[in-house]
Amino acid sequence: MNTWSRKITPDMMDPNFETTLRKKLGEKGEKIPLCFQCGVCSGSCPVAFAMDFTPRQIMELIKLGVKDLVLNSSTIWLCAACYSCSVRCPQGVDLKQVMDTLKEMALEDPKYSVAEKAFYEKFIEVVRKNGRMDEVALYVKLMPKSTIMRNLGFGLKLYQKGKIHLSPTKSNSADQVAKIFEKVLAKEVQQQ
Amino acid sequence: MVSSEEPRIGVFICHCGGNISDVVDVEKVREAASKMPGVVVAETNRYMCSKTGLDLIKDSIKKYGLNRVVEASCTPRMHLNTFRRALVDTGLNPYLLDMVNIREHCSWVHTDKDTATEKAIAIVRGSVMRAHHLEPLQPEYRPVERSVMVVGGGVSGIFASLELANKGYQVYLVDRKPSIGGRMMQLSKTFPTLDCSTCILAPRMVEVGQHPNVKIITLAEPVKVSGSPGNYDVTLRIKPRYVDVSNCASCGDCAKKCPMKRVPNEHEAGLAYRTAIYLPFPQAIPQAYVIDPEHCLYFQKGTCKVCAKACTRGAINFDDKERLETIRVGAIVLATGIDVMDPSPLKEYSYGQHPDIVTNLQFERLLLQGMLRPSDKNVPKKVAFILCVGSRSPERAQAYCSKVCCMIALKQAFLLKEFHAESEPWVFYTDMRAAGKWYEEFYTRCREHGVKFVRGRVAEVKPNGSSITLRAEDTLLGAQIEENFDLVVLSTALLPSIGTKEVGQLVGMDTGPDGFLLEKHYKLEPVDGAWTGVYAAGCALGPKDVRESVVEAMSAASRASTFLGGGKIEVSPEKAFVIEDLCDGCGVCLQYCPKNALSISNGKATINPVSCIGCGICVPVCPKQAIDLKHNTEKQLLASIYGVSQGNLKPLIVAFTEKVVGYRAADMYGLDRRKYPPNIVIIEVPTTRRVGLKHVLHAFNAGADGVVFVEAEDNWYGLSKEDGLKQFRGHVSQIQRELRKFGVDAARVMAVAVTLPQYYKLEIFDTVVNRVKGAKPLTDDAKAKIKGVLSS
């Protein structure tokens, strides 16, 4: 999540940011400059409450070229891909697609290291390996070891209720899930 | 007779203060012109259109005894009449002037001085050679009908009618509804002054209803318009009223007895009921009842007629029939008004799913009915006004801003607060547009009165028991806002009223992408239609408020009376005519004439000069070459072709350009300072179908290397755009096929159709030049073949 001084200064600007994004989006990118900040996207968004910038604000930041605030925002990772914004946008901006592309851009550059991004990456890693979600594995990947003792009590409670397992849990169809990942990756390489 | 005299031509070339002379070497053009056959004198001037320039022309005419004038300067669309007047002042017929364009079509579109000068010389040469064959022509005058039909009886139509009637014109005020009054009669009060809408309009309705020069025709719509400017024949389809207007005392006895009591009341925007026989509203003009056959028991089931028994005056007539009536008028004013968009396709607003979600038009009626919630008739405490429902949404509904909704919402919020001081109006807006006299001040008043404003377009409206939940982003906070309301008002987009496009087509008025009528010139002819004598006013042209509608109504009335006031209309003498000695009466021309102006009498074709529009389509199709066109005769056209095709420009491409749209598009191309190669030389023709194979062959024979046809994309004299384009393309490909027989590469002939907004399509000129450069060479053999055919 961004912490910033609520002041945009010249050093935060990347004049090519919007152009780069538009290029990546292809035909859909042409709609980006049409955004007139009506707020229907953010009004429709089921997760806007948890975001540091609302989707509309992300659009404004894109147009101003404030690249770091956009790619460091929690917004792009929290997007639930429900498409409400894309469906309702009066100007036909496909915000869901914009969010996806921003995610790709943030992943390309290790400089962007917000917690939401790390969660996103580790989550995918775990699913790819186990074919399903494994809370303990995710915890180990995500959190520093020093936190284990602090959270032990809470972990125990979860264990007693059967919410987590100590032994690694793997899906029966883990190999098939892995194949899906391979296929998707191959497709991505192909597209590039 | 001037035409029989030896031509004495004066050529006048304009610098246009550098606009021309910065690129074209004007002195060189003058020198070349002075050596052209028949030229007695050639002059240049810094501004030919100035008094000194015009005096130079007039003095030269007198001094040298000129009988033809060639003017090379800006587009004739600008100053043709200025220069024609100079001829008239010296006693010459204005048609002995030929004006050519070396600014928009030369200096503004080229950069290389040498070739631009070469092209200017070619243009002037074409004009000089054409001038040899110019003939004096006299315009004809026809009387006009001193009457006007106003279509649409809303505030615009009423004011246009009153204005015209007070000037002494006979006015036919036509409305398809049973009463005049229009949308304004449905409104509560009008912003920003808060005048009661009915109170200010009803007296004008009475005035127009009683005016001796106005005939109101209700339940009527125009279905056909024929004739010409000043003498239009409008056919109306008049629906039966089933009530004799002159006999009805509007006592209401009929309605009391009518068993059909649950018909949605249009005037109340569906928020109340009426009977099947009804008075549209208390102030209706004409003040008479009407039967709605779609809901009348008698018309639906065949029995009832209770109303007829109740009417003591016998005013009800079930045998009334629909009829057609044709009325001759001099001018037509379209004031067809607006409709309110149905918001139900935009699902997120849940319109129709809760009785307390209403449109802003329905809210007007609620204000007049006592301002209670439709569902439980309680006082609504929290009321949300949602702006931009369907407006400013190119991807979802209408692209345009409906313009008045901001002010309507402000007014409604204000009136609500006035009605119920404890109520809480919230206005959700995208951008507050309060531009207008006293509008910003009204916005301030609303804030003073405690109207709440949230900047954000509402994302969701959800019925929630008896209340309604709204969700939006307060974009100024960057936070979501969720709130419950008792009543939700949707400020829906305003649409052109149903049938606007159709009625526009009857009178040659197109509609824009927004569906509203297109004015002739957006800024300078804002209420004129494309046809002379056709005007439009009010919301037919776009959403607007009462004040603006009245202004436009008065403008349209003024334009109509300016047109009709002279009592006569000048008819251009540029018409086709038959050379009787050559005509064998085969009748081929008849099938080509778009205006049915041709007929056969006594074994010869004859042309009705009233119907003929001078398009010249009949000229090249005549197998006997027995038809010609005044001011664009075969001799004149061929002289232009030979004139421009000589000289040193290689390759040289003749652009036969349709005179209304095509020529102006080329003007706009120049105005925009876009560039194309100087190898293209434009010859103005009434339509490209005036040009046949013969002319193209002559062009090649004269030295041209290619031909391009520039046509108007949507000016097909009554044909649909598709059919028109098909004919155009067919005409050009026919010429291409014929040329192949001579061994001429089809790539040397191209076609382009343009509209004024798409004038940039002329960038195809680059392609044209490249294609001609890359075409198979014009062999001597082909040239000899062409020459052979032309001389036989």
Some residue of segment B:322-344 being loosely packed, with under 15 Cβ neighbours inside 10 Å and free of Cβ contacts under 8 Å to residues at least 24 places away in the same chain: yes
Listed by range, helices (runs of 4 or more DSSP H) wholly within segment B:690-792 having at least 1 residues that are open to solvent by less than 40 Å² (accessible area, probe 1.4 Å), modelled with pLDDT of 95 or more and touching a Pro at 6+ places or on another chain (Cβ under 9 Å) are B:693-702, B:764-774
Mind counting the residues in segment A:169-182 that are at pLDDT below 85 and exposed (fewer than 12 other Cβ atoms within 10 Å of the Cβ)? 0
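Which one is nearest to B:Asp244 (Cα to Cα) among residues in segment B:303-319 that are in a helix (DSSP H, G or I) and of a type outside the set (A, V, I, L, M)?
B:Cys307
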Filter segment B:639-670 down to the residues that are farther than 17 Å from B:Val70 by Cα and either touching a His at 6+ places or on another chain (Cβ under 7 Å) or without any contact (Cβ under 8 Å) to a residue 12 or more places away in the chain (or both), then identify the one that is surrounded by the most Cβ atoms within 10 Å (Cβ to Cβ). B:Ala666
Tally of residues being in a helix (DSSP H, G or I) and open to solvent by 10 Å² or more (accessible area, probe 1.4 Å) across segment B:109-129: 8
Unique residue being on the phi > 0 side of the Ramachandran plot and either modelled with pLDDT of 95 or more or β-branched (Val, Ile, Thr) (or both) when the list is A:Gln37, A:Gln57: A:Gln37
All-but-one check, B:Glu684 against (1) open to solvent by less than 50 Å² (accessible area, probe 1.4 Å); (2) closer than 22 Å to B:Ala576 by Cα, failing number (1)
If the requirement is being charged (D, E, K, R) and farther than 25 Å from B:Cys406 by Cα, which of these qualifies: B:Glu525, B:Glu548? B:Glu525
Looking for something more than 14 Å from every other protein chain (Cβ to nearest Cβ) and crowded, with 22+ Cβ neighbours inside 10 Å - is there at least one such residue anywhere in segment B:389-399? no
Out of all the residues in segment B:84-106, is one or more open to solvent by 50 Å² or more (accessible area, probe 1.4 Å), among the aromatic types (Phe, Trp, Tyr) and in contact (Cβ under 8 Å) with a residue 40 or more places away in the chain? no
Quick one: is B:Pro178 assigned to a loop (DSSP other than H, G, I, E, B), touching a residue at least 40 places away in the same chain (Cβ under 8 Å) and over 24 Å from B:Arg241 (Cβ atoms)? no
Here is a list of conditions, (1) more than 14 Å from every other protein chain (Cβ to nearest Cβ); (2) over 25 Å from B:Glu548 (Cα atoms); (3) part of a helix (DSSP H, G or I); (4) not aliphatic (A, V, I, L, M), and B:Glu348 meets all of them except one; can you say which number that is? (1)
Out of all the residues in segment B:217-233, which are in contact with a helix residue (DSSP H, G or I) (Cβ under 8 Å, 6 or more places away or on another chain) and buried (at least 18 other Cβ atoms within 10 Å of the Cβ)? B:Glu221, B:Pro222, B:Val225, B:Pro229, B:Gly230
Residue, least open to solvent (accessible area, probe 1.4 Å), within segment B:597-628, restricted to residues that are of a type in the set (S, T, N, Q) and within 15 Å of B:Pro573 (Cα to Cα): B:Ser611
Mind listing whichever residues of segment A:71-90 are of a type in the set (Gly, Ala, Ser) and away from every other protein chain (no Cβ under 11 Å)? A:Ser73, A:Ser74, A:Ala80, A:Ala81
Pick out the one residue from A:Asp100, A:Asp109, A:Asp94, A:Asp134 that is more than 18 Å from the chain's Cα centre (by Cα), charged (D, E, K, R) and under 26 Å from A:Val184 (Cα atoms). A:Asp134
In segment B:450-505, how many residues are closer than 16 Å to A:Pro55 by Cα, more than 9 Å from chain A (Cβ to nearest Cβ) and part of a strand (DSSP E or B)? 0
Got at least one residue in segment B:165-172 being assigned to a loop (DSSP other than H, G, I, E, B) and either buried (at least 24 other Cβ atoms within 10 Å of the Cβ) or over 25 Å from the mean Cα position of the chain (by Cα) (or both)? yes
State whether one or more residues within segment A:42-52 are in a loop (DSSP other than H, G, I, E, B), more than 12 Å from chain B (Cβ to nearest Cβ) and either over 18 Å from A:Leu25 (Cβ atoms) or open to solvent by 10 Å² or more (accessible area, probe 1.4 Å) (or both). no
Filtered residue count, segment A:10-38, keeping only those that are within 14 Å of another protein chain (Cβ to nearest Cβ) and outside any helix (DSSP H, G or I): 4
Check B:Phe414 against each of (1) within 14 Å of chain A (Cβ to nearest Cβ); (2) hydrophobic (A, V, I, L, M, F, W, C); (3) farther than 30 Å from A:Val93 by Cα and name the one condition it does not meet. (1)
Of everything in segment A:1-38 that's charged (D, E, K, R) and without any contact (Cβ under 8 Å) to a residue 12 or more places away in the chain, which residue is surrounded by the most Cβ atoms within 10 Å (Cβ to Cβ)? A:Arg22
Does B:Ile735 satisfy being farther than 18 Å from B:Asn679 by Cα and touching a strand residue (DSSP E or B) at 6+ places or on another chain (Cβ under 8 Å)? yes
In segment A:53-70, what count of residues is obtained for those that are in contact with an Asp or Glu (Cβ under 7 Å, 6 or more places away or on another chain) and either away from chain B (no Cβ under 14 Å) or not β-branched (Val, Ile, Thr) (or both)? 5
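The values are calculated or read from the model by the stated rules, or taken from the named source; none is laboratory data. As the structure is a computational prediction, the values presented were derived from the model and not from experiment. Cβ coordinates were reconstructed from backbone atoms using ideal geometry, including for glycine residues, and neighbour counts include every protein chain displayed. Just so you know, the surface numbers come from the protein's heavy atoms only, side chains and all, with ligands and any DNA or RNA stripped out. Shrake-Rupley method; radii C 1.70, N 1.55, O 1.52, S 1.80 Å.
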